[in-house]
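Below is one structure, written out as structure tokens, with a few remarks after it.
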Amino acid sequence: MKILAQSYGTFFFVAAMVWSFWLQIHGNPTKPGPEASRERWFVSENEVSSQFSKKPLVLDTRSFLNRKVNPIQQAKPISWEKLSREDRPNQGKLLEKQAVLKELENFGIEKESEVLVVGDGFSGFGEEGRIVWSLREAGFSNSYFLTGSWKPKSLEKALNSIEKQNDSVRKKKKGSSYQNYTIEKNEILSSLNQAGFKVLDVREPREFSGSTPYGESNGGHIPGAIPLYFKELMKRDSSIRSQAEVEKLFNDLNIKKDDTIAVYCTGGIRSAWVVGVLRTYGYNAKNYPGSMWEWSDDSKLPLTR
């Protein structure tokens, strides 16, 4: 009996210890882990008044007709070509940094400027994202492109509401810690087939298969590239798909957030827009500005159909 009593005592002691340990792990609310590092590149009309610490400079990449029919007061028209080289096959590449800074100075953009870029959204080619990518490459990290459905009058109202707020009360937005969102052809070539390196082709399916509707020297795609048309990341109202939707899409493509993702199109326009979306959602994406204009022009570089 004495031995049996000792056995029961040992059993209950061990059970109490296990129960105590379980409570330490599960009995208290789980503390949230640190939020993933994100760089916000885009805003909706409803978010404009809370995103900026002062009324931003508005750059308009929309088509000429769209600007005339639906003008935005005080917006300055700009095209991606204004900040890019014109010589083939380097059309998609940015001008040298000092030349970019000079062009931006002509638009009134200074070191502390906050900039909102509008574009044609679903009916466009991602020009608004390209301008934001260009600005951030030049060090202007308080630059964002507008997404979703919006109207000039309501946008102007949101912008004017910022101007009326007390700047001393508002928290000034800090710039991004990154200023390098570019990857070049030699980096891509040397990294092909390496673990943790993915190449994303965001052109139309016909381009991926070999068609050259936009002036490429040769048709095809970079070997191993994963096709994903850039408009798959937005809805028809020009809003960006949710983070959960994009993460599922990329999981299905076997692309992880810690992969280095080289994104390309024809001249680095659509791909720049995609980089903005992916970096906002925490992906390590970089734009290949030369894209197929440069890659297909070099006979030494591999192409697949």
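The values are calculated or read from the model by the stated rules, or taken from the named source; none is laboratory data. If you're wondering where the values come from, they're calculated on a predicted model, not measured in any experiment. All Cβ positions, even for glycine, are placed from backbone atoms using ideal geometry, and neighbour counts span all protein chains on display. Side chains included, ligands, DNA and RNA excluded: accessible areas come from the protein's heavy atoms. Shrake-Rupley method; radii C 1.70, N 1.55, O 1.52, S 1.80 Å.
Counting only helices (runs of 4 or more DSSP H) wholly contained in the range 42-111, the ones carrying 2 or more residues that are open to solvent by 70 Å² or more (accessible area, probe 1.4 Å) and on the phi < 0 side of the Ramachandran plot occupy 64-69, 97-106. For Met292, the conditions (1) out of contact with any helix residue (DSSP H, G or I) (no Cβ under 7 Å at 6 or more places or on another chain); (2) part of a helix (DSSP H, G or I); (3) surrounded by fewer than 24 Cβ atoms within 10 Å (Cβ to Cβ); (4) not hydroxyl-bearing (Ser, Thr, Tyr) all hold with the exception of (3).
Among what's in the range 214-249 and is of a type in the set (A, V, I, L, M, F, W, C) and closer than 23 Å to Ser44 by Cα, pick the residue that is surrounded by the most Cβ atoms within 10 Å (Cβ to Cβ). Explain how you work it out, then say what you get.
Going through the range 214-249, the residues of a type in the set (A, V, I, L, M, F, W, C) turn out to be 222, 225-226, 228, 230, 233-234, 240, 244, 246, 249.
Subsequent filtering for residues that are closer than 23 Å to Ser44 by Cα retains 230, 233-234, 240, 244, 246, 249.
On the way: Phe230: 23, Leu233: 21, Met234: 18, Ile240: 21, Ala244: 9, Val246: 19, Leu249: 14.
Going through the qualifying residues, I end up with Phe230.
Among the residues of the range 184-213, just one is over 22 Å from the mean Cα position of the chain (by Cα), farther than 13 Å from Leu303 by Cα, open to solvent by less than 80 Å² (accessible area, probe 1.4 Å) and among the small types (Gly, Ala, Ser), namely Ser190. In summary, Arg305 fulfils each of the numbered conditions (1) among the basic types (Lys, Arg); (2) over 18 Å from Thr147 (Cβ atoms); (3) open to solvent by less than 10 Å² (accessible area, probe 1.4 Å) with the single exception of condition (3). Which residues, counting only those in the range 128-145, are in contact with a Phe, Trp or Tyr (Cβ under 7 Å, 6 or more places away or on another chain) and either among the hydrophobic types (A, V, I, L, M, F, W, C) or surrounded by fewer than 24 Cβ atoms within 10 Å (Cβ to Cβ) (or both)? Of everything in the range 128-145, those that are in contact with a Phe, Trp or Tyr (Cβ under 7 Å, 6 or more places away or on another chain) and either among the hydrophobic types (A, V, I, L, M, F, W, C) or surrounded by fewer than 24 Cβ atoms within 10 Å (Cβ to Cβ) (or both) turn out to be Ile131, Val132, Trp133, Glu137, Phe145.
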